[in-house]
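Undergrad: Questions regarding the structure given below will be posed in turn.
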2 protein chains.
Amino acid sequence: MMKRLAILGSTGSIGQQTLEVVRAFPDRFQVVGLAAGRNIDSLATQIRQFHPRLVSFADEDRPVLPDLVKAILALVAGCHQVPMEEMAGHAEVDLVVVATSGKAGLSPSLAALKAGKSIALANKEALVMAGELITAEANQRGGEILPLDSEHSAIWQCLRGEAGGKEVARLLLTASGGPFLRRSGQQLAAVTAEEALEHPTWHMGRKVTIDSATLMNKGMEVIEAHWLFGIPLDSIEVVIHPESVVHSMVEFVDGSIKAQLGIPDMRLPIQYALSYPQRWPNPQLGRLDWKQVSSLSFEPVDMDRFPCLRLAIEAGGKGGTYPVVLSAADEVAVELFLSGDIGFLDIARVVAGSLERHQGTAHPTLEEIMAADAWARQVALEIGRKG
Amino acid sequence: MMKRLAILGSTGSIGQQTLEVVRAFPDRFQVVGLAAGRNIDSLATQIRQFHPRLVSFADEDRPVLPDLVKAILALVAGCHQVPMEEMAGHAEVDLVVVATSGKAGLSPSLAALKAGKSIALANKEALVMAGELITAEANQRGGEILPLDSEHSAIWQCLRGEAGGKEVARLLLTASGGPFLRRSGQQLAAVTAEEALEHPTWHMGRKVTIDSATLMNKGMEVIEAHWLFGIPLDSIEVVIHPESVVHSMVEFVDGSIKAQLGIPDMRLPIQYALSYPQRWPNPQLGRLDWKQVSSLSFEPVDMDRFPCLRLAIEAGGKGGTYPVVLSAADEVAVELFLSGDIGFLDIARVVAGSLERHQGTAHPTLEEIMAADAWARQVALEIGRKG
């Protein structure tokens, strides 16, 4: 039986790698929908290759010209344009891959889960901003949230067949530590955008790369893990593991620890989510070579040098709209850093300032989440520009 | 509901640690039967503490005196003596812990499985000598074979919830490498029994400790893993991991690897087998401290310096009575080494010579297995004494 996929954010890094996995198993998957934002050229190529019935390419900041829409839809007979939310909930879709970046992933994730569908989730913001809404929707309608992130996939694989919940003592989320693991606080203050964009292991988008360097990314992953696996935040620990071979671990109440390992290639966790509950051989994927690995190291994280991680865990602990503010303020701060307006350590300062000024709302609705997001963006911009 | 246990080999290292776990969970387990060999004093203490209804203390080499039998049975009202096989198949027993050493574990393992019971297996010889018979009996009557060994427990835990079989690419069995990992061939020739009895990590019986030093133990574990998990021998790889933190790993066909980690304490895998499918917190067990671990290393094994490993894998590959000869010849050779009659490297020579002279029988019956065992013991003694 073919799995029918909708891929939201198909032209981004995760979207493209998802399509690589799909291409390796032409008998297993049918691409029913493709949704992209800015990269219309790349979307057109994908449409010609995968012949989706549904496409989506509205970008909220910049609507696509009507002529271009016509040209794209003419590429494949019977193809028509729908909003992402409609694609996510469409009757012909079995699994929705949410690989959009930013808050754009939130609304289609909810739409898919409302329609009782499972989602393969790479978008961080969905769970960070609306973890409670998203998981409630999944629980109510029976859809599953399958993580695409290597860390969450590792935890998911380690929990496979286990009772989870009360039998889990701790989640051990590994972090490469980013390119500035060994820098002093003073050296961190001098980091430039160019330096920060060079990640040692993973090749990702600009926003995620900066978030990896500040460890904000890891902090958001802690919040995501909390929602994905129902584990309390104070039972989730970040462990620095520069080799990025162990993708994360689970410690059980009996003292046994399970770890998932592999080469750092996003297609591995992507394929696992798509093939789940099966595992398929894929000759295109490399294998871990023990003779190359030889040694794996682990160390505690220094939250004083990487305050974004602490801010994220604190915001996650407070819950409600605090993680929304964290996420929005971070997005603004990273943009200000990339444009050279603020320094590397100012990212944490902007986020911390925004969180301090925030009056949180518990159990927020989608509207309250969006309002907190808009509020935080404005406040973060103010704080950032004041310097 | 209480699990009713029979513990065979209760006074040995694994037996005692099993009873420690039982003692930690008085509401979960009832000890119905205890069987021991030579250590009658220790058995008497256990009988007073656990009040088993059934006891067994016949040692084939040295029957227990009738007066002593009477004195022991008088310790607990209603307690009576039965052969190990009868205890293993007794109606009041739910799970049989087979912690006897040597071939004495074989016959009660078969008796338990024939009665449709599950066995928690620490005895190597049962699967090495009679893997085909044992697993056929388990499959036919529905009993499970739950491994107690840390390596096999690790693999079992990693396979939990997985489809296994064709989805498994490789089992990666870790080995500490024993005390002589860094010795040259020349240095190995000079190893004495005293040196060999000091194992860096695990405290075990004398036979197992020597087998750990020659890596024969690891070779037998490869054969056991083959039978326990139905994985071809050439898909089982031994990886040297001196820290003994990763207890073993499973590589799946999609390139994902799962590992199980923990402190080197046999009570962990013992408790897992007893509590399975649940996991229970046990404050008596230590926990892995990441700040202490810091680094894990892996390296390939050198089969030229540790030929026993190669002999075991070859014998396992040939199947039939060859692993019987391997096991029996090794037992004789280790005894000769411990008594100072042969050198450390002669252990492999004796085993290799016995295997060379053997004319194997495919799919042997229990009688053929016992005959091959007796034959090999005689031949090994001859080869060993010739020097």
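The values are calculated or read from the model by the stated rules, or taken from the named source; none is laboratory data. Since we're looking at a predicted model, the values are computed, not measured. We place every Cβ from the backbone using ideal geometry, glycine too, and count neighbours over all the protein chains shown. Surface accessibility is based on the protein's heavy atoms, side chains included, excluding ligands, DNA and RNA. Shrake-Rupley method; radii C 1.70, N 1.55, O 1.52, S 1.80 Å.
Undergrad: So how far apart, in nm, are the two label points at B:Ala374 and B:Ala190 if each is 7 Å from Cα heading toward Cβ?
TA: That separation, rounded to one decimal, is 4.3 nm.
Undergrad: For the rotation that superimposes chain A on chain B, which residue of A has the C-beta lying nearest to the axis, and at what distance in Å?
TA: Looking at chain A's Cβ atoms against the axis toward B, the nearest is A:Gly161, 1.
Undergrad: Enumerate the calculated ³J(HN,Hα) couplings along the range B:331-341 in order (Karplus 6.51 cos²θ - 1.76 cosθ + 1.60, θ = phi - 60°), each rounded to whole Hz, writing x wherever the residue is Gly or Pro.
TA: Rounded to whole hertz, the list is 4, 5, 5, 5, 4, 5, 5, 5, 8, x, 7.
Undergrad: Here is a follow-up. Compute the FRET efficiency between B:Glu367 and B:Asp302 as 1/(1 + (r/R0)^6), taking r as their Cβ-Cβ distance and R0 = 30 Å, and round to the nearest 0.05.
TA: So the FRET efficiency works out to roughly 0.20.
Undergrad: Also, quick follow-up: Give me the distance between the Cα centres of the range A:68-99 and the range A:273-343, rounded to whole Å.
TA: 30
Undergrad: Suppose every K and R has +1 on its Cβ and every D and E has -1 on its Cβ; what is the size of the dipole of the range A:3-147 about the Cα centre, in Debye to the nearest 20? Working shown, then result.
TA: Working: 14 positive and 15 negative charges, 57 e Å.
So the dipole magnitude of the range A:3-147 works out to roughly 280 debye.
Undergrad: Equivalent ellipsoid semi-axes for the protein assembly as shown, as square roots of 5 times the alpha carbon gyration tensor eigenvalues: give them largest first, rounded to whole Å. Display every interim value, and only then the final one.
TA: Details: eigenvalues 642, 141, 134 Å².
Calculated on Cα positions only, the semi-axes equal 57, 27, 26 Å.
Undergrad: Moving to a separate point now. What aspartates and glutamates could a cross-link reach from A:Lys117, if we take a straight Cα to Cα line under 14 Å and drop same-chain neighbours fewer than 8 places away?
TA: Counting by Cα, and skipping residues close in sequence, A:Lys117 has these aspartates and glutamates nearby: A:Glu85, A:Glu86, A:Glu92, A:Asp94, A:Glu137, A:Glu144.
Undergrad: Continuing with the same structure: Per DSSP helix of 4 or more residues, -39500 (n - 2.57); summed, then divided by the residues of chain B. What does that give at 222 nm, rounded to the nearest 500?
TA: -14000 deg cm²/dmol
Undergrad: Can you list the residues in the range A:257-290 whose accessible area drops by at least 50 Å² when all protein chains are present, compared with the chain alone? Use a 1.4 Å probe, heavy atoms only.
TA: Hits at the 50 Å² cut-off: A:Ile257, A:Lys258, A:Leu261, A:Arg279, A:Arg287, A:Trp290.
Undergrad: Percent relative contact order of chain A, based on C-alpha pairs within less than 8 angstrom and at least six residues apart? Walk me through the intermediate numbers first.
TA: Details: 705 pairs, mean separation 55.4, N = 387.
About 14 percent, as a whole number.
Undergrad: Amide H neighbours of B:His247 under 5 Å, counting only residues 5+ apart in sequence or on other chains, H built in-plane at 1.01 Å?
TA: So B:His247 has HN proximity to B:Gln260, B:Leu261, B:Gly262.
Undergrad: With +1 on each Lys and Arg Cβ and -1 on each Asp and Glu Cβ, how big is the dipole of chain B about its Cα centre, in debye rounded to the nearest 20?
TA: For chain B, the charge dipole is close to 740 debye.
Undergrad: Can you work out the FRET efficiency for the pair A:Asp27 and A:Asp234, with r the C-beta to C-beta distance and R0 = 35 Å, to the nearest 0.05?
TA: With R0 = 35 Å, the Cβ-Cβ based efficiency is 0.15.
Undergrad: Once the Cβ-Cβ distance between B:Glu356 and B:Lys3 is put in as r, and R0 is 30 Å, what FRET efficiency do you end up with, to the nearest 0.05?
TA: 0.05
Undergrad: Just the C-alpha atoms of chain A: what Rg/Rh do they give, with Rh taken as the Kirkwood radius?
TA: Reported Rg/Rh (Cα atoms, Kirkwood Rh): 0.95.
Undergrad: Charges on Cβ only, +1 for Lys and Arg, -1 for Asp and Glu, centred on the Cα centroid of chain A; of A:Ser109, A:Ala352, A:Gly177, which one is farthest towards the dipole's positive end?
TA: A:Ser109
Undergrad: Follow-up. Show me the GluC sites (Glu not before Pro) within the range A:68-141 that DSSP assigns to loop and that have at most 12 other Cβ atoms within 10 Å of their Cβ.
TA: Answer by residue number: A:Glu92.
Undergrad: On to the next question. Nearest 100 Å² is fine: what is the total accessible surface buried where chains A and B meet, probe 1.4 Å?
TA: The buried area between A and B, both sides summed, comes to about 3700 Å².
Undergrad: If you don't mind, there's one more thing I want to ask. Amide H of A:Ser118 versus every other amide H placed in the peptide plane: which residues, excluding those fewer than 5 positions away on the same chain, fall under 5 Å?
TA: Those lying under 5 Å, H to H, from A:Ser118 are A:Val96, A:Glu144.
Undergrad: Moving on to the next point. Within the range B:3-147, what whole-number % of the accessible surface is contributed by carbon and sulfur, with the 1.4 Å probe and all protein chains included in the calculation?
TA: 49
Undergrad: Next question, about the same structure. If you plug each phi of the range B:292-302 into the Karplus form 6.51 cos²θ - 1.76 cosθ + 1.60 with θ = phi - 60°, what whole-Hz ³J(HN,Hα) values come out, in order, with x for Gly and Pro?
TA: 7, 6, 6, 8, 10, 10, 9, 8, x, 8, 9
Undergrad: Same structure, new question: Residue by residue, what Karplus-based ³J(HN,Hα) values in Hz, rounded to whole numbers, does the range A:256-272 have, using 6.51, -1.76 and 1.60 with θ = phi - 60° and x for Gly and Pro?
TA: In residue order, the calculated couplings are 7, 10, 10, 10, 10, 10, x, 5, x, 9, 4, 5, 5, x, 4, 4, 4 Hz.
Undergrad: Given a cut-off of 28 Å, what percent of all Cα-Cα pairs of the range A:3-147 lie beyond it?
TA: Working: 1272 of 10440 pairs.
The share of Cα pairs beyond 28 Å in the range A:3-147 comes to 12 percent.
Undergrad: Tell me the distances, shortest first, between B:Gly116 and the same position across the other copies, using label points 7 Å along Cα→Cβ, in nm to one decimal.
TA: 3.9
Undergrad: So for the pair B:Gln278, A:Val253, with labels modelled 7 Å out along Cα→Cβ, what separation do we get in nm?
TA: 0.8
Undergrad: Carbon and sulfur together cover what percent of the accessible area of the range A:329-368 at a 1.4 Å probe radius?
TA: 49
Undergrad: Placing unit charges on C-beta atoms (Lys and Arg positive, Asp and Glu negative, everything else neutral), compute the dipole magnitude of the protein assembly as shown about its Cα centre in debye, rounded to 20.
TA: 540
Undergrad: How far apart are the B:Glu194 label points across copies, placing each 7 Å from Cα toward Cβ, in nm, shortest first?
TA: Nearest to farthest, the other copies are at 6.7 nm.
Undergrad: Skip the ligands, DNA and RNA, and give the accessible area per residue of chain A with a 1.4 Å probe, whole Å².
TA: Accessible area per residue: 39 Å².
Undergrad: Non-local amide H neighbours of B:Arg4 (under 5 Å, H modeled in plane, Pro and chain starts lacking H): which ones?
TA: Here B:Gln30, B:Asp94, B:Leu95 satisfy the definition.
Undergrad: Go through A:Gln140, A:Val128, A:Trp290 and say which Cα lies farthest out towards the positive end of the charge dipole of the protein assembly as shown; charges sit on Cβ, +1 for Lys and Arg, -1 for Asp and Glu.
TA: Looking along the dipole axis, the top candidate is A:Gln140.
Undergrad: Considering Cα pairs under 8 angstrom that are at least six residues apart, work out the relative contact order of the range A:3-147 and quote it in whole percent. Walk me through the numbers on the way to the answer.
TA: Values: 272 pairs, mean separation 32.7, N = 145.
The value is 23 percent.
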